[in-house]
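Data first, discussion second: the structure below is written as structure tokens.
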DNA sequence: GAGGTTTTCGCCTTATAGACGATTACCTGC
DNA sequence: GCAGGTAATCGTCTATAAGGCGAAAACCTC
């Protein structure tokens, strides 16, 4: 606990075991899903839990969750990772007090990681029984993703490098949980300069029909639209 | 560390001292300001720091920050409190590793807490030298507040129970950092059903002029507008 | 009651996005 | 190679939200 180096000693603060968890979301088979593994041992045996684990002595939280996720998916397939929240309920783990910091991760539809035998994608609309307080993290992560789809370019993290507008519509519809009109989606993405055409055409569909243009996101860095929709600065100052 | 009760023992997870910090924001003298105290001892002697401290054994993080804040302000004057982020930089405290979870708190303009001698409101636009990584928490808190002023009713936490539109305009202008037009602000607040007239008139101003109607927020519970501004569900399903 | 000050209201313009039908461009099968 | 089917794309209309601005209202003091 608390090495005394540098200048002076740390106050007598309590120390607590700390774990990191990840809510990794992806659109799988047309449904927004979360990466979970099935516990073998008590507590919560046979229930589904989020991937995660402890934090090493000189390791930051983000590095810790990246390390734990590497056992489940290729880390380079993680197109987004942001901190979600820290839970501190004293009884969230029946074995003793553990603080937990959760992250929201995203894997694109195009990635197809080979999962361990106890691990699977669970549709967020039809979750099996979950362990600990993990359901709360999942709920928060889904809400956060849905909100950010509207005012940021996080969509890039869910989508493949190149896609047709129909594919993008399907991804957004699945992630948001309601049908999105392709025309409007394209206009919104275009007006915000989030996507651009690649100049290529997709392979024609199996059932005929006009081949679609393919698009890509201009940037895979997270950006926020405007700052916000309302209460903007007066015109001259934008 | 990790009592073994219930079922099984905790994995051998590292434990770390954990502190809570609060970025308490309020509009003071027409400027958005943050509550800080001046350190007397090393490290960072004479620099300004956020209020906060350790977490007791059976205490949740929110309870801990509330307890620490009680030494600075009346807790019932805290009109808003939400978790911000957890920092884990190994060297954020030179004395040893400490994880820190920060909260965003808000105190209304109408509250005038009596502050300890080492404590003061510091304008966020003109901060003195700060201790540790506290400046990062402050920056994040200000950004979060400014964003939420646009799409939630957090404004209620900054404003008195009753106010004139001119007062609300001044509060919003100070908090956002740019001038807000009173006409638009009133219309936006009204359209979203966030405020309502009290039916009372304010005392006439000292310099003459028409006395203003007073208003109040309909609810002091946090609510989010719409869900979001764009990519809404199709009409039928709202 | 004249002149000054501030609030409140109404109207106009702009920006953004949802709805929907028309058109285009490709397929398959005859 | 042409008819019919299918999906992508475009154009136009409408709805909604919000910024700008000036006129009118309501109070003050002198």
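Numbers for the structure displayed
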quantity	calculated
Among (1) away from DNA strand C (no atom under 16 Å from the Cβ); (2) within 11 Å of another protein chain (Cβ to nearest Cβ); (3) not in a loop (DSSP other than H, G, I, E, B), the one test that residue B:156 misses	(2)
Exclusive hit being in contact (Cβ under 8 Å) with a residue 12 or more places away in the chain, within 14 Å of chain B (Cβ to nearest Cβ) and either more than 16 Å from DNA strand C (Cβ to nearest atom) or not in a strand (DSSP E or B) (or both), set A:185, A:127, A:115	A:185
Qualifying residue in the stretch B:139-157 (condition: away from DNA strand D (no atom under 13 Å from the Cβ) and farther than 20 Å from residue B:79 by Cβ)	yes
Matching residues, the stretch A:162-182, being within 12 Å of chain B (Cβ to nearest Cβ), closer than 16 Å to residue A:27 by Cα and not in a helix (DSSP H, G or I)	A:177, A:178, A:179, A:180
Lone qualifier among A:67, A:76, A:146 - being under 30 Å from residue A:197 (Cα atoms) and away from every other protein chain (no Cβ under 12 Å)	A:76
Test: residue in the stretch B:195-205 that is more than 12 Å from DNA strand C (Cβ to nearest atom) and in contact with a helix residue (DSSP H, G or I) (Cβ under 8 Å, 6 or more places away or on another chain)	no
Residue match in the stretch A:132-153 (condition: in a loop (DSSP other than H, G, I, E, B), modelled with pLDDT of 95 or more and touching a strand residue (DSSP E or B) at 6+ places or on another chain (Cβ under 9 Å))	yes
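The values are calculated or read from the model by the stated rules, or taken from the named source; none is laboratory data. It should be emphasised that the depicted structure is a prediction, and the values quoted were computed from it without experimental measurement. No Cβ is skipped: glycine too gets one built from the backbone with ideal geometry, and neighbour counts run over all protein chains shown.
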